[in-house]
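Engineer: Pasting a structure below so you can have a look.
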Amino acid sequence: MAVLRVKFTKTKRDKLAQVLWILNWISVVTGAILFSLGLFLKVELNKREELMADRNIQYVPNMLIAVGLIACAINFLGGKICYDCVDSTKFLRWKLIMLPYITCCFFFTFCVLVGALMCYSMRGELEESLRLGLTEAMGFYKDTDTPGRCFLKRTVDMLQIEFQCCGNNGYRDWFQIQWVSSRYLDMSQKEVVDRLRSNVEGKYLVDGVPFSCCNTDSPRPCIQHQITNNSAHFSYEHQREMLNLWMKGCRQALLEYFTHIMQSIGLTVLIIWLFELSVLTGVRFLQTSLENVLRQGDPESDSDGWLLENSLMETARINLNIIKSLGKCNQIDTGSNGDPNIDVPSSSKACYGPDNVPLKQSPEAS
Amino acid sequence: MPFMPVKFTLQKRVKLAQALWMLYWLSVIVGIFIFSLGIFFKIELRKRSEVMDNNESHLVPNLLILVGLLACGVNTFGGKVCHDSLDPMKFTKWKPMLKPYLLLCCGFNALLLLAALLCFLMQFAVYLTLAEGLKNSIKFYKDTDTPGRCFMKRTLDTTQIEFRCCGNNNFRDWFEVQWISNRYLDMSNDAVKDRVLSNVEGKYLMDSVPFSCCNPGSPRPCIQHHLTNNSAHYDYDHRIEELNIWSRGCHEALFSYFSGMMTSIGVLIVATIALETADMAGLKYLTTALDTMEDPENPECESEGWLLEKSVKETFSLQLAKLKMLGKSNQVEEGGNSQGTT
């Protein structure tokens, strides 16, 4: 009882081969799209690598790049095969390769699906990486004289301006770190010394934020120092002032940005996966119908095409038996005590190829 | 004596027709490109129209859009003619339209030349509009409660951040205007009152700049207030401090952006003129080669193609004579009429 048996006339087979040729070429293009999406994601992650702690998130774009390249190669081969399938003489060339090719494709589509799902699962690790990375970056904001960290100030400033965010979770994060370098603090002033002594770690903490936190939509000039002190500014109440600084935290802003990118990429990869699956189904039908034509002997006749020759359970059982007998192959050899000159009749079936081929009788040892 | 004659065999004619067809399609793509550049330029002008006082001239982008569309149309027609030129049946259809088409191409080239000239000359207009517009923007920075100007602050802040500039010519332009609205000034404070009374116009002037002038590349946190007062900040000398705020003026920054865009578009249009001239020359050669075939039934025969039937001088004097005839024919008619009526 075959799975999804369909009758194919000669013209139908030819049409199927032509359509599949075109579809395979389209799949090469989608493979290239996958590759470029992976490349784009890699570039975006690298652009912000200073703000992310060392986490293993590069595996997602690397997987997409690899899958894209393999998809191009597989579909290129598939296109070549389908092009030759119109002519049944040329099909003989590819006959033996087709079934392994289809099996490979089938497992490859799993990789594509895994790639799509990974895009959605990356979010948790990304959030953790951003949290740690941003805390570190803000901690080193003042170290513009330390080699290796001297550009962190500019990076954080540009990030806050571009993504319209302030601090890690909010602007209050800046109150807890010293973001003014000690090089620019006048240690002879009493006020400065008092502030340094007022906390355990000797940090110069202020209730002020860098200029990059300023909101351009604010109707009044930016208030970035003495933010929590209402009396320091005329007609100012910091609890109600929403437009003065950016209210969003940079971790949330970056996470939203990357999640948006990855959701779009994930959706595209899912669509590509469905497309690959349909092309694979077409190629399987083409393969089985052409093999049946060869078996019948008349290239012009109708033939049946199917997905699986027997039902799903039987196919699984047969394949399991094949795998078991592969194991038994080794056991029979030890029965002859390792002597290669003793000819033992082979009882294993062919490991691949069309079913119903009669077992060959091995010649008796002379 | 034809001008620049070239002998053509069948092979040469076929090759010329094919090459010309591809050249025409390249010209169509260039036309589409010019059209999209015109749209891009228009959008950029619209985006910055607030700092240009909403006074900017859209002549150049509109002309570019028109030229792009015309280029597409003219070159598609040329491509079709080339495609049909090797089939004598189809070509006879197009023959009568060729002379007016070539004249149209000449006119189109003149239009392209005008567009290129405008691209280079209108930069002066942009320069002047920017100067005026930025001055007004800085003046209206504080008027965030006046309808029609309430977004000037935001536009100017984002412009200064994006183009990395401060003020009109430099940051000192901010010292001459009051950029803090009176709504946020505590008029009961003596210091504020002194400052307001210290100048004739009663403006609250400071030696400070808005936060958008700050340079993120500065190693120290941004100093935006008391810029000229060295003692107000620790270890600060305003004469040698270069990284604190942007030192370039927005006038220069915006102008170099627009002039760069307009110069590149002008260069592209000059290249398009050369391409169109090549198209016209090729088409003239092809059509004359097809016309001068000794034996129209035999496609293998040789023929001659040229740019002008007579030499340049003779053609010129012929055209002048034609124009004079046109003038004289009116006079003869008048004389005839007057004779007729008498």
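The values are calculated or read from the model by the stated rules, or taken from the named source; none is laboratory data. Note that the structure is predicted; figures quoted are calculated from it, not measured. For neighbour counting, all protein chains shown are included, and Cβ atoms are generated from backbone atoms with ideal geometry for every residue, glycine included. Surface accessibility is based on the protein's heavy atoms, side chains included, excluding ligands, DNA and RNA. Shrake-Rupley method; radii C 1.70, N 1.55, O 1.52, S 1.80 Å.
Engineer: When 1/r is averaged over all different Cα pairs and the result inverted, which Kirkwood radius in Å belongs to the range B:91-160? Walk me through the intermediate numbers first.
Structural biologist: Values: mean 1/r = 0.0612 Å⁻¹.
Computed over the range B:91-160, the radius equals 16.3 Å.
Engineer: Can I ask one more? With the radius of gyration and the Kirkwood radius both derived from the Cα set of the range B:1-107, what is their ratio Rg to Rh?
Structural biologist: 1.18
Engineer: What do you reckon, how do B:Leu156, B:Leu308, A:Leu274 stack up by accessible area (1.4 Å probe), largest on top? Walk me through the numbers before you get to the answer.
Structural biologist: Numbers: B:Leu156 5, B:Leu308 60, A:Leu274 105 Å².
Largest accessible area first, the residues go A:Leu274, B:Leu308, B:Leu156.
Engineer: Taking square-rooted eigenvalues a ≥ b ≥ c of the alpha carbon gyration tensor, is the range A:174-288 rounded, prolate or oblate, where a/c under 1.5 means rounded and, failing that, a/b exceeding b/c means prolate?
Structural biologist: Numbers: a/c = 5.74, a/b = 2.83, b/c = 2.03.
Prolate is the answer for the range A:174-288, as a/c is 1.5 or above and a/b outweighs b/c.
Engineer: Something else: If you roll a 1.4 Å probe over the heavy atoms of the protein chains, what accessible area per residue do you get for the range B:155-298, in Å²?
Structural biologist: Numbers: 6650 Å² over 144 residues.
Per residue, the range B:155-298 has an accessible area of 46 Å².
Engineer: Right, here's the next one. Could I have the simple spin-label model distance between B:Lys93 and A:Lys90, label points 7 Å from Cα toward Cβ, reported in nm to one decimal?
Structural biologist: So the label points at B:Lys93 and A:Lys90 sit 3.7 nm apart.
Engineer: Determine the dipole magnitude for the protein assembly as shown: charges of +1 sit on the beta-carbon of Lys and Arg, -1 on that of Asp and Glu, nothing else is charged, the reference point is the Cα centre, and the result goes in debye to the nearest 20. Kindly include the intermediate steps, with their values, before the conclusion.
Structural biologist: Values: 71 positive and 74 negative charges, 134 e Å.
My answer is approximately 640 debye.
Engineer: Further question: With a 1.4 Å probe, what is the total accessible area buried between chains A and B, in Å² rounded to the nearest 100? Walk me through the numbers before you get to the answer.
Structural biologist: Numbers: alone 21430 and 19870 Å², together 39030 Å².
Roughly 2300 Å² of accessible surface disappears when A and B pair.
Engineer: Of all the stretches in chain B, which is the longest one without any exposed loop site, taking GluC sites (Glu not before Pro) in a DSSP loop (any state but H, G, I, E, B) with at most 13 other Cβ atoms within 10 Å?
Structural biologist: Values: sites that count: B:Glu201, B:Glu242, B:Glu294, B:Glu297, B:Glu300, B:Glu309.
The segment B:1-200 is the longest one with no such site.
Engineer: Moving to a separate point now. Rounded to whole Å, give me the distance from the Cα center of the range B:29-95 to that of the range B:114-187.
Structural biologist: Here the two parts' Cα centres lie 33 Å apart.
Engineer: Once label points are set 7 Å from the Cα along Cα→Cβ at both A:Lys328 and A:Arg172, what is their separation, rounded to one decimal in nm?
Structural biologist: 7.3
Engineer: While we're on this one: So for the range B:200-342, what percent of the C-alpha to C-alpha distances run longer than 24 Å? Spell out each step's value before the answer.
Structural biologist: Values: 7258 of 10153 pairs.
Summing the P(r) of the range B:200-342 above 24 Å gives 71 percent of all pairs.
Engineer: For the range A:1-69, give the magnitude of the charge dipole about the Cα centre (Cβ charges: +1 Lys/Arg, -1 Asp/Glu; no others), in debye to the nearest 20. Write down the numbers at each step before the final one.
Structural biologist: Details: 10 positive and 5 negative charges, 158 e Å.
For this selection, approximately 760 debye.
Engineer: Probe 1.4 Å, all protein chains in place: accessible area of B:Lys324 in Å², nearest 10?
Structural biologist: Around 130 Å² of this residue is reachable by solvent.
Engineer: What are the residues of the range A:197-228 that lose 50 Å² or more of accessible area, with a 1.4 Å probe, going from their chain alone to all protein chains?
Structural biologist: A:Phe211, A:Thr216, A:Pro219, A:Arg220, A:Pro221
Engineer: Which of the residue pairs A:Lys142/B:Lys193; A:Lys15/A:Lys95; A:Lys190/A:Lys248; A:Lys47/A:Lys203 have a Cα-Cα distance greater than 27 Å in the structure shown?
Structural biologist: A:Lys142/B:Lys193; A:Lys190/A:Lys248; A:Lys47/A:Lys203
Engineer: Radius of gyration and Dmax for chain A's Cα atoms, expressed in Å?
Structural biologist: Over chain A's Cα set, Rg and Dmax evaluate to 33.4, 112 Å.
Engineer: Considering the dipole of the range A:167-314 built from charges on the beta carbon (Lys and Arg +1, Asp and Glu -1) around the Cα centre, which of A:Pro221, A:His233, A:Ala253 is farthest to its positive end?
Structural biologist: A:His233
Engineer: Taking Rh as the Kirkwood radius computed over C-alpha pairs, what is the Stokes-Einstein D of the range A:232-322 at 10 °C in a medium of viscosity 1.306 mPa s, expressed in µm² per second?
Structural biologist: Working: Rh = 19.6 Å.
For the chosen part, D equals 81 µm²/s.
Engineer: Can I ask one more? Classify the range B:1-44 as rounded, prolate or oblate from the Cα gyration tensor: take a ≥ b ≥ c as the square roots of its eigenvalues, call it rounded if a/c is under 1.5, otherwise prolate when a/b beats b/c and oblate if not.
Structural biologist: Working: a/c = 9.57, a/b = 2.69, b/c = 3.56.
Taking the square roots of the gyration eigenvalues as a ≥ b ≥ c, the range B:1-44 is oblate.
Engineer: On to the next question. With a 1.4 Å probe and all protein chains in place, put B:Met22, A:Met187, B:Met89 in order of accessible area, largest first. Walk me through the numbers before you get to the answer.
Structural biologist: Details: B:Met22 130, A:Met187 90, B:Met89 155 Å².
The most accessible residue leads, giving B:Met89, B:Met22, A:Met187.
Engineer: With every protein chain kept in place and ligands, DNA and RNA left out, what is the accessible area per residue of the range B:1-120? Probe 1.4 Å, answer in Å².
Structural biologist: 54
Engineer: With the full set of protein chains in place, find how many percent of the accessible area of the protein assembly as shown is carbon and sulfur; take the probe as 1.4 Å. Don't jump to the answer; show the numbers that get you there.
Structural biologist: Details: 24160 of 39030 Å².
Whole-percent figure for carbon plus sulfur exposure: 62.
Engineer: I've got another one for you. What Cys residues in chain B have no fellow cysteine's beta-carbon under 4.7 angstrom?
Structural biologist: Unpaired cysteines in chain B: B:Cys72, B:Cys82, B:Cys105, B:Cys106, B:Cys119, B:Cys150, B:Cys301.
Engineer: Enter the accessible area of A:His225 (Å², nearest 10), with the probe set to 1.4 Å and all protein chains included.
Structural biologist: Accessible area, nearest 10 Å²: 90 Å².
Engineer: Treating the angle as unsigned and between 0 and 90°, give the value, to the nearest 10°, between the Cα long axis of helix A:312-335 and the longest Cα principal axis of chain A.
Structural biologist: 80
Engineer: Let me ask something additional. Quantify how much of the Cα-Cα distance distribution of the range B:162-249 extends past 20 Å, in percent. Write out the running numbers ahead of the final one.
Structural biologist: Working: 1509 of 3828 pairs.
It works out to 39 percent of all Cα pairs.
Engineer: Considering only C-alpha atoms, what is the centroid distance from the range A:101-136 to the range B:304-328, in Å?
Structural biologist: 75
Engineer: Which of B:His238, B:His83, B:His251 ends up with the largest GNM mean-square fluctuation for chain B, with Cα atoms connected below 10 Å?
Structural biologist: Greatest mean-square fluctuation among the candidates belongs to B:His238.
Engineer: If you don't mind, another one. Restricting attention to the range B:85-138, which trypsin sites (Lys or Arg not before Pro) occupy a DSSP loop and are surrounded by at most 11 other Cβ atoms within 10 Å?
Structural biologist: Working: sites: B:Lys90, B:Lys93, B:Lys135; in loops: none.
In loop regions of the range B:85-138 (DSSP not H, G, I, E or B), there are no sparsely surrounded trypsin sites (Lys or Arg not before Pro).
Engineer: Are there trypsin sites (Lys or Arg not before Pro) in the range B:213-289 that DSSP puts in a loop and that have at most 13 other Cβ atoms within 10 Å, and which ones?
Structural biologist: Working: sites: B:Arg239, B:Arg248, B:Lys284; in loops: B:Arg239, B:Arg248.
For trypsin sites (Lys or Arg not before Pro) across the range B:213-289 that sit outside H, G, I, E and B with at most 13 neighbouring Cβ atoms in 10 Å, the list reads B:Arg239.
Engineer: Still on this structure, I have one more. Exposed loop GluC sites (Glu not before Pro) only (DSSP loop, at most 13 other Cβ atoms within 10 Å): please give the longest stretch of chain A free of them, not including the sites.
Structural biologist: Values: sites that count: A:Glu201, A:Glu237, A:Glu300, A:Glu364.
Counting at most 13 other Cβ atoms within 10 Å as exposed, the longest clean stretch of chain A is A:1-200.
Engineer: Can you give the net charge of the other residues whose Cβ lies under 15 Å from the Cβ of A:Cys72, counting K and R as +1 and D and E as -1? It would help to have the intermediate numbers written out before the result.
Structural biologist: Working: positive: A:Lys80; negative: A:Glu276.
Computed value for this residue: 0.
Engineer: Next question. Say the cut-off is 19 Å between C-alpha atoms; which of B:Lys12/B:Lys284; B:Lys47/B:Lys153; B:Lys284/B:Lys310; B:Lys47/B:Lys142 go over it? Please report the intermediate quantities before stating the final value.
Structural biologist: On the way: B:Lys12/B:Lys284 14 Å; B:Lys47/B:Lys153 15 Å; B:Lys284/B:Lys310 14 Å; B:Lys47/B:Lys142 21 Å.
From B:Lys12/B:Lys284; B:Lys47/B:Lys153; B:Lys284/B:Lys310; B:Lys47/B:Lys142, over 19 Å: B:Lys47/B:Lys142.
Engineer: Threshold 50 Å², probe 1.4 Å: give the residues of the range B:231-252, in number order, that are less accessible with all protein chains present than with their chain alone.
Structural biologist: B:Tyr234
Engineer: Got the relative contact order for the range B:221-318 handy, in percent, Cα pairs under 8 Å and 6 or more residues apart? Numbers along the way, then the final one.
Structural biologist: Working: 43 pairs, mean separation 14.3, N = 98.
Relative contact order for the range B:221-318 comes out at 15 percent.
Engineer: Right, another one. Suppose all protein chains stay in the model; what accessible area per residue would a 1.4 Å probe give for chain A, in Å²? Walk me through the numbers before you get to the answer.
Structural biologist: Working: 20300 Å² over 366 residues.
Per-residue accessible area for chain A comes out at 55 Å².
Engineer: Let me check I've understood the local charge: for B:Asp235, count other residues with C-beta under 11 angstrom from its C-beta, Lys and Arg +1, Asp and Glu -1. What total comes out?
Structural biologist: The answer is -1.
Engineer: A follow-up question, please. What figure, in Å² to the nearest 10, do you get for the accessible area of A:Leu77 with a 1.4 Å probe and non-protein molecules left out?
Structural biologist: 70
Engineer: Also, quick follow-up: Sort B:Asp186, A:Asp194, B:Asp157 by heavy-atom solvent-accessible area, probe 1.4 angstrom, most to least.
Structural biologist: Values: B:Asp186 50, A:Asp194 75, B:Asp157 0 Å².
Result of the area sort, largest leading: A:Asp194, B:Asp186, B:Asp157.
Engineer: If a/c stays under 1.5 just call it rounded; otherwise compare a/b with b/c (prolate if a/b is bigger, oblate if not). Do that for the protein assembly as shown, with a ≥ b ≥ c from the square roots of the Cα gyration tensor eigenvalues. Could you put the intermediate results ahead of the total?
Structural biologist: On the way: a/c = 3.40, a/b = 1.14, b/c = 2.99.
Note, shape of the protein assembly as shown comes out oblate.
Engineer: How large are Rg and Dmax for the range B:215-265 when calculated on the C-alpha trace, in angstrom?
Structural biologist: Radius of gyration, then largest Cα-Cα span, for the range B:215-265: 15.5, 50 Å.
Engineer: Another question about this same structure. Counting other Cβ atoms within 10 Å of each Cβ, which trypsin sites (Lys or Arg not before Pro) in the range A:211-297 have at most 15 and sit in a DSSP loop? The partial results should precede the final answer.
Structural biologist: Working: sites: A:Arg240, A:Lys248, A:Arg251, A:Arg284, A:Arg295; in loops: A:Arg240, A:Lys248.
Listed in order of number, the matching sites are A:Arg240.
Engineer: Kirkwood Rh over Cα pairs of the range A:117-192 into Stokes-Einstein at 10 °C, 1.306 mPa s: D in µm²/s?
Structural biologist: Values: Rh = 14.2 Å.
Result for D is 112 µm²/s.
Engineer: For chain A, set up a Gaussian network in which alpha carbons nearer than 10 Å are linked by springs, and say which option among A:Gln239, A:Gln252, A:Gln164 fluctuates the most.
Structural biologist: Per the Cα network of chain A with a 10 Å cutoff, A:Gln239 tops the list.
Engineer: Could you sort the residues of the range A:230-251 by number and keep only those whose accessible area is reduced by 40 Å² or more in the all-protein-chain setting relative to the chain alone, 1.4 Å probe?
Structural biologist: A:Phe234
Engineer: Show that you can apply the helix-only estimate: for the protein assembly as shown, add -39,500 (n - 2.57) for every DSSP H stretch of four or more residues, divide by all residues, and state [θ] at 222 nm to the nearest 500.
Structural biologist: Details: 15 runs with 413 residues, N = 708.
That comes out to -21000 deg cm²/dmol.
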